[in-house]
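All remarks here apply to the structure that follows.
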Number of protein chains: 2
Amino acid sequence: MTDTPFNSWQSVQEEVLARIHSRQWKPGDLIPNEADLAQEFGCARATVNRALQNLADEGLLDRRRKAGTRVATHPVRKATMYIPVIRQEIADKGHEYGYELICSERVLPPTEVCNIMEFGRRARAQHIVCIHTADGRPYVIEDRWLNPKWVSVEEISIFNEISPNEWLVTHVPFTEGEIMFSAMSAGKTEAGLLSCKEGEALFVINRTTRNKQEAITSVRLIFAPGYRIETGI
Amino acid sequence: MTDTPFNSWQSVQEEVLARIHSRQWKPGDLIPNEADLAQEFGCARATVNRALQNLADEGLLDRRRKAGTRVATHPVRKATMYIPVIRQEIADKGHEYGYELICSERVLPPTEVCNIMEFGRRARAQHIVCIHTADGRPYVIEDRWLNPKWVSVEEISIFNEISPNEWLVTHVPFTEGEIMFSAMSAGKTEAGLLSCKEGEALFVINRTTRNKQEAITSVRLIFAPGYRIETGI
DNA sequence: TAGTGGTCTAGACCACTTG
DNA sequence: AAGTGGTCTAGACCACTAA
C-alpha cells in the first residue's frame, strides 16, 4: 500500500503510465492483476479496471482474461483524426467560406463507383461536383455520387445553396463507412478547378458511408496544394 | 419499462443507436436523463452511463452536466488510423520485408527541424535516412532526426541492421507526439530512392514524438506512389 | 440552487482462456 | 480447473453548470 491513496481512475492511470515510462514495467512485462493493484493503490478494483481498460483502448496495454495484463510490445500508434464539416473547418481557420455547385447530373456511374457502392450496372445515380472556397480561393473539390434512394429528386435542388457535405450530415444518418487518405497529381480538370498547376501533388480523401450495409454516398475530396491534416498521438 | 430488459451496456448502446438512426431522437434533441433511461431499460444507471459515455466518446452524443445529453448535431467523424511498425505493415500485406541504411551522420539540423524539435541552434543531432522495401521494391523512405540525448553513440551502429522506426518503439518510451499527413511531389532525391518519376505525387507522414515535452525524434515518411491509408469510421 | 452527468465502492457473478 | 479480466448492481457523493 502506498502512502498516498489513488482515489480516481485518472490518478491510477497516471501512476501506471509513469511506471511504463520509467521502464519499471517494460514492453512485454506482465503487470500485477487488478485485485492486487487495487489493494496497493487503496481503491476499488473497478477503479483500477477503468484505468487499465482506458490504457488498453489506447493501445499501451494488452489485456487477456486469465493471461493477465502486459505492457504492449508494439504500442500500435493510434492517431484519431477529426473530420469536420468543410464549412466549419474553413470557418475555424478564420476564413470566409464560399460554395459553388459545378455540376449535378443523373447518370450511370463508372464501374469503379458501382463496385464501391455495390450498385447494379444499369441504375443511374446522382453525380455532384462542387467546390468549397476559403476567402475566395479554392479549398477543396467535392466529387460525390449519391444513391438516389436516399435523396429524393426534389431535395437535389437544395445543393444549389448548401453543399452535400453539409446537408447529408444532418439529414441522412449512417451506420458505417470507410475512409481513405491518398495523394494524386493534379490533372487538367483539378488544376482548373483549384487554380493550381497541372502535376502538383494533391491530398485526397475518399469516403463512403452506408446505412445498414447499403451505400448512401461515396465522395472524393481533392484538396488544394499544401493541404495537410494533423493530430496528436 | 420495456418487456425485454437491457442487461448489458452494449445492448443499451445498440438501442440508443437504433433510436438515433430511426430519427426517433434527431440531431440536437435532448434525450432522457440516465436515471430515467435506467428505469426504462431495467438496468442500473452505471450501465446506461457506460453506454452513453461510449457513444459520446465516438462523437454521436454531446453530454454536459445539468444540461443533459443531446444527439450531436454535427457528428464529428472520428477516423482512427492504426499506424503499425513498417516491417509489420509490409509483412501483414504478405510481402518480404527489406531494409537499407542510406546515410547516418551527426550534423546541425536545418532550422525547420530545430523549430519542431525545439533544439538549440548549435547542437548537432543524428540524421538518418533509410529505406524500407517490399519484395525488393522501394516502399517508403524514412528520413529521421534523433535527439542525441536519447540515443547513445554506441547504439547508433544498430541502425545498420534494424530500422530506427522499429528500434525506437521498443527502446525509447514517449509520452506525447504529433502526426501530420500530407502530399508532395517527388524531387530528384525521392524519385531516385523510390525508383519513380520526378513529379509523381507521394503520400507523406510527418511524426514527432516527445517524452515530457522534450523531443525524442522527428521523422518524415515518404511513401512510394500509390500508397494509401484506410480505415473504417 | 437544483438537476445532471462523473465517479467511487463493495460485492457479486460471469466469460474466457491458459496450463 | 482455476485465474484473470469484463461487467452488473445499488447506493452514495461529488462536480459542474444552466437557469
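The values are calculated or read from the model by the stated rules, or taken from the named source; none is laboratory data. Fair warning: this is a prediction, and the values are worked out from it, not measured in the lab. Cβ coordinates were reconstructed from backbone atoms using ideal geometry, including for glycine residues, and neighbour counts include every protein chain displayed.
Within the bounds of the stretch A:15-34, is there any residue that is farther than 23 Å from A:Pro75 by Cβ and crowded, with 16+ Cβ neighbours inside 10 Å? No, the stretch A:15-34 contains no residue that is farther than 23 Å from A:Pro75 by Cβ and crowded, with 16+ Cβ neighbours inside 10 Å. Scanning the stretch B:97-141 for residues that are part of a loop (DSSP other than H, G, I, E, B) and either modelled with pLDDT under 95 or surrounded by 11 or more Cβ atoms within 10 Å (Cβ to Cβ) (or both) yields B:Leu108, B:Pro109, B:Pro110, B:Glu118, B:Phe119, B:Gly120, B:Arg121, B:Arg122, B:Ala123, B:Arg124, B:Asp135. Taking the criterion of being of a type in the set (A, V, I, L, M, F, W, C), part of a loop (DSSP other than H, G, I, E, B) and within 8 Å of chain A (Cβ to nearest Cβ), no residue of the stretch B:162-173 qualifies. Of all the numbered requirements in (1) under 30 Å from B:Val16 (Cα atoms); (2) at pLDDT 95 or above, A:Asn211 misses one, and that requirement is (2). No other residue among A:Arg63, A:Arg121 is closer than 27 Å to B:Met81 by Cα and more than 14 Å from chain B (Cβ to nearest Cβ) apart from A:Arg63.
On the stretch given as the stretch A:212-233, residues that are more than 7 Å from every other protein chain (Cβ to nearest Cβ) and not in a loop (DSSP other than H, G, I, E, B) total 10.
Within the stretch B:35-60, being in contact with an Asp or Glu (Cβ under 6 Å, 6 or more places away or on another chain) and surrounded by 19 or more Cβ atoms within 10 Å (Cβ to Cβ) holds for one residue alone: B:Val48.
Residues that are surrounded by 14 or more Cβ atoms within 10 Å (Cβ to Cβ), touching a residue at least 24 places away in the same chain (Cβ under 8 Å), part of a helix (DSSP H, G or I) and not basic (Lys, Arg) do not occur anywhere in the stretch A:61-76. The residue that is nearest to A:Glu100 (Cα to Cα), counting only those in the stretch A:175-190 that are outside any strand (DSSP E or B) and within 13 Å of another protein chain (Cβ to nearest Cβ), is A:Glu190.
Of all the criteria given as (1) touching a residue at least 24 places away in the same chain (Cβ under 8 Å); (2) more than 28 Å from A:Thr209 (Cβ to Cβ); (3) out of contact with any helix residue (DSSP H, G or I) (no Cβ under 8 Å at 6 or more places or on another chain); (4) within 14 Å of chain A (Cβ to nearest Cβ), the one not satisfied by B:Thr47 is (3). Looking across the stretch B:84-100, the residues that are in contact (Cβ under 8 Å) with a residue 60 or more places away in the chain and hydrophobic (A, V, I, L, M, F, W, C) come down to B:Val85, B:Ile86.
Does the stretch A:203-211 include one or more residues that are of a type in the set (Val, Ile, Thr) and not in a strand (DSSP E or B)? No, the stretch A:203-211 contains no residue that is of a type in the set (Val, Ile, Thr) and not in a strand (DSSP E or B). Here is the figure for the stretch A:28-44: residues that are more than 10 Å from DNA strand C (Cβ to nearest atom), in a loop (DSSP other than H, G, I, E, B) and away from every other protein chain (no Cβ under 14 Å) total 2. Remark: A:Arg87 falls outside the filter, which requires a residue to be surrounded by fewer than 16 Cβ atoms within 10 Å (Cβ to Cβ) and either within 23 Å of the chain's Cα centre (by Cα) or within 16 Å of DNA strand D (Cβ to nearest atom) (or both). Taking the stated definitions as given, is B:Thr80 of a type in the set (Val, Ile, Thr) and farther than 30 Å from B:Ile141 by Cα? For B:Thr80, the condition - of a type in the set (Val, Ile, Thr) and farther than 30 Å from B:Ile141 by Cα - is not met.
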